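The values are calculated or read from the model by the stated rules, or taken from the named source; none is laboratory data. A quick note: this is a predicted structure, and the numbers were derived from the prediction, not measured. Positions of Cβ are backbone-derived with ideal geometry, glycine not excepted, and every protein chain shown enters the neighbour counts.
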Amino acid sequence: MPAKTKKTFGTKRREMAHKADTLCRHKSCHFTKQEIERLLQLFKEFTKAQTIEVKRGKGGLDRNRFRDILHQHFEMTDDVLMDKVFRAFDSDNDGYISDEEWVIGMAIFLKGTIEEQSRFCFGVYSTRGEDGYISREEMYLLLKNCLVQHHQEEDAEEMQKDLVELAIKKIDFDHDGKVSVEDYMNSVKQETLLIEALGPCLPTPKCKDTFLELVADDKKKHCF
């Protein structure tokens, strides 16, 4: 191997190790340094087959590539929810998920505490993230696609109204007709099953375990 190639490879490895050290100290990062390095390697592999814009300096996972990952590795199929999960990962709202957003997002997505995952789910469901509310109108939209897929549209509409009223009753703690992050957190503390009350936005146990195996074993091959 030419000296220049060795030097470049060594520099990249040191940069990755330094970034992993930094991310290890993040309060919401529940991965070991080795797992973080593997996640960073996966991030690099996932972005290889992306658009030319990434090569022009807009580094990160774009919306379409991230949706592919959610569909392939986490069996998510709802377009609305996948877009909302993307926005929850994209904390700086620049339209791309950076390597740091990827690691911290996955730490909460896969290994987060019930409080962290509650905040994550609220951020997915609310148009303005943790700073906003979940209104009745947003609940209708979140539940609409799921119900129409399994029932005739007329029946789904009635069930949708019933479910929204039930959700409001269960998670609107202060009874003001909308759900704040505090309402949501308190509801989940009382009943953990409410964490995905408005649609699946966390990995199933099977998908979580499979992806964590991928993170733990850098020799595993996977399809894109």
Discussion item. Anything in region 77-101 that is farther than 14 Å from PHE120 by Cβ, in a helix (DSSP H, G or I) and of a type outside the set (Asp, Glu)? List them, or say none.
Written reply: VAL80, MET82
Worksheet item: Do we have TYR133 as in contact with a Ser or Thr (Cβ under 6 Å, 6 or more places away or on another chain) and at pLDDT 85 or above here?
Response: yes
Worksheet, complete the sentence: If we take region 32-76, then helices (runs of 4 or more DSSP H) inside it with 3 or more residues that are farther than 20 Å from LYS19 by Cβ and at pLDDT 95 or above are 63-74
Worksheet item: Which one is farthest from VAL85 (Cα to Cα) among residues in region 170-194 that are buried (at least 20 other Cβ atoms within 10 Å of the Cβ) and among the aliphatic types (A, V, I, L, M)?
Response: ILE171
Worksheet entry | Unique match (being crowded, with 18+ Cβ neighbours inside 10 Å, modelled with pLDDT under 85 and either out of contact with any helix residue (DSSP H, G or I) (no Cβ under 7 Å at 6 or more places or on another chain) or farther than 26 Å from GLN190 by Cα (or both)) among ALA167, ALA156 | ALA156
Worksheet item: Out of curiosity, is MET106 among the aliphatic types (A, V, I, L, M) and either modelled with pLDDT under 95 or over 19 Å from HIS30 (Cα atoms) (or both)?
Response: no
Fill in: Condition broken by MET106, with the remaining ones in (1) under 20 Å from ILE171 (Cα atoms); (2) in a helix (DSSP H, G or I); (3) of a type outside the set (Gly, Ala, Ser) satisfied
(1)
Item to complete: Take the residues in region 1-31 that are assigned to a loop (DSSP other than H, G, I, E, B) and surrounded by 19 or more Cβ atoms within 10 Å (Cβ to Cβ), then tell me which one is modelled with the highest pLDDT.
Response: PHE31
